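Engineer: The following block contains the structure, expressed as structure tokens.
Rule-based calculations on the coordinates, nothing more; no lab input. All values derive from a computational prediction rather than experimental measurement. We place every Cβ from the backbone using ideal geometry, glycine too, and count neighbours over all the protein chains shown.
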Amino acid sequence: MQRYFVPEGQMGQHSVTLEGEDARHIGAVMRSKPGDCLIACDGNGRDVLAKIVSVDKNNVQADIIEQLSSNAEMVWKVTIAQSLPKGDKLEIVIQKGTEAGACIFQPFLSQRTIVQYDERKEAKRIERWRKIAKEAAEQSHRSIIPHINAVSSWKSLLKQFVDYDLILFCYEEEGRSGAVELRELLQDFKSKQWETAPRIMVIIGPEGGFTSQEADAAVASGAKLIGLGKRILRTETAALYALACLAYESGELGGN
């Protein structure tokens, strides 16, 4: 069944209103009619089953039939901090990372970032990234839309570390050395008693990787250096690989 995220103000106790692109999609693409049902989400964990009452090209009205429970979110709240990659690679990371369960994406600039960052174009790009996250969250039946933060500097990223329970700094030199202790690290992390869902940041470098100076700075600020196996992953692959590891070790995929 088709799922739509709507602003909280458009979802009341007994009815929901869908506007703009969502209304056009319901009418023109799905060809839905009064009496058809859809799932509406407020983006904060409230999901409802609703029956359409009226449809036009800019507005759809539906009555809420029942509240739905959802268990589509990861146990751990994962932020993907991704150094800006070339081309549309970040769009791939956001789309697939949303499907895999990330809750925040933090683009940032590092020493070997290749792409030329243009602050004047940032608002337009963030708008596009957020649209991609919304559509991916709907497709994967998430209850929240991951938040896309503004592009950060390296120094600003380091200052965010205090907001997290675990910082995983993906460093290819760790993988090459064979000192890959990610599973042991995550099992120890999982054994702790958390009163609320723990917050984890996974930091992914650009096409050229991180410098040793950046690795040292990350460790000094509280990060754990990890490898993602002995193979060298593309920057757009690394985040998804890490998310799969986290999903397994958190128990979502049957990890012990």
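Engineer: What is the order of Leu228, Leu166, fewest Cβ neighbours within 10 Å to most? Don't jump to the answer; show the numbers that get you there.
Structural biologist: Values: Leu228 23, Leu166 20.
Lowest count first: Leu166, Leu228.
Engineer: Can I ask one more? Could you give the radius of gyration (one decimal) and Dmax (whole number) of the Cα atoms in segment 3-68, in Å?
Structural biologist: 10.4, 28
Engineer: Could you work out how far apart the two model spin labels at Gln61 and Glu184 are, taking each label as a point 7 Å from the Cα in the direction of the beta carbon, and quote it in nm?
Structural biologist: About 6.4 nm, to one decimal.
Engineer: Taking the Cβ of each residue in Tyr4, Tyr171, Tyr117 as the centre, tally the other Cβ atoms inside 10 Å and list the residues starting with the fewest. Could you put the intermediate results ahead of the total?
Structural biologist: On the way: Tyr4 20, Tyr171 24, Tyr117 13.
Lowest count first: Tyr117, Tyr4, Tyr171.
Engineer: Still on this structure, I have one more. Between Asn149 and Asn71, what is the label-to-label distance in nm when each label sits 7 Å out along the Cα-to-Cβ direction?
Structural biologist: Rounded to a tenth, the inter-label distance reads 3.1 nm.
Engineer: Which value, in debye to the nearest 20, describes the size of the charge dipole of segment 3-68 about its Cα centre when Lys and Arg Cβ atoms bear +1, Asp and Glu Cβ atoms bear -1, and nothing else is charged?
Structural biologist: Numbers: 7 positive and 10 negative charges, 51 e Å.
About 240 debye.
Engineer: Rounded to the nearest 5, what % of DSSP beta bridges with both residues in the chain are antiparallel? Present the calculation step by step, with values, prior to reporting the outcome.
Structural biologist: On the way: 19 of 43 bridges.
Beta bridges within the chain, antiparallel portion: roughly 45 percent.
Engineer: What does the charge add up to near Asp36, with Lys and Arg as +1, Asp and Glu as -1, over the other residues with Cβ less than 15 Å from its Cβ?
Structural biologist: Details: positive: Arg3, Arg31, Lys33, Lys51; negative: Asp22, Asp56, Asp63.
Taking every other residue near Asp36 into account, the sum is +1.
Engineer: Expected output is a single nm value to one decimal: the length gained when fully extending between His14 and Arg234, i.e. 0.36 nm times separation in residues minus the C-alpha distance. What is it? Can you show the working numbers first?
Structural biologist: On the way: separation 220, 0.36 × 220 = 79.20 nm, distance 4.73 nm.
Between His14 and Arg234, full extension yields an extra 74.5 nm.
Engineer: From the residues Ile92, Ala247, Leu49, which one has its Cα farthest along the dipole of the chain in the positive direction, the dipole being from +1 and -1 charges on Cβ of Lys/Arg and Asp/Glu about the Cα centre?
Structural biologist: Ile92
Engineer: Once both labels are modelled 7 Å past Cα along the beta-carbon direction, what's the Ala197-Lys33 spacing in nm?
Structural biologist: 3.9
Engineer: Order of Ser83, Ser156 from fewest to most other C-beta atoms within 10 Å? Write down the numbers at each step before the final one.
Structural biologist: Working: Ser83 27, Ser156 13.
By the 10 Å Cβ count, ascending, the order reads Ser156, Ser83.
Engineer: For the chain, just run the numbers: alpha carbon Rg, then divide by 2.2 N^0.38 Å, N being how many residues it has.
Structural biologist: Working: Rg = 20.2 Å, N = 256, 2.2 N^0.38 = 18.1 Å.
For the chain, the normalised Cα radius of gyration comes out at 1.11.
Engineer: OK, next. I'd like the orientation of helix 122-139 relative to the chain: the angle between its Cα long axis and the longest Cα principal axis, in ° from 0 to 90, rounded to 10.
Structural biologist: 70
Engineer: Taking a quarter of the surface of the Cα convex hull of segment 51-180, what do you get in nm²? Walk me through the intermediate numbers first.
Structural biologist: Numbers: hull surface 45.9 nm².
Averaged projected hull area, Cα only: 11.5 nm².
Engineer: By the scheme Lys and Arg +1, Asp and Glu -1, what is the net charge of all other residues having a beta-carbon under 13 Å from that of Gln13?
Structural biologist: Details: positive: Arg46; negative: Glu8, Asp42, Asp63, Glu66.
Computed value for this residue: -3.
Engineer: If you take the Cα atoms of segment 53-124, find Rg, then find the Kirkwood Rh from the mean of 1/r over all pairs, what is Rg/Rh? Kindly include the intermediate steps, with their values, before the conclusion.
Structural biologist: Values: Rg = 18.4 Å, Rh = 15.8 Å.
Rg divided by Rh gives 1.16.
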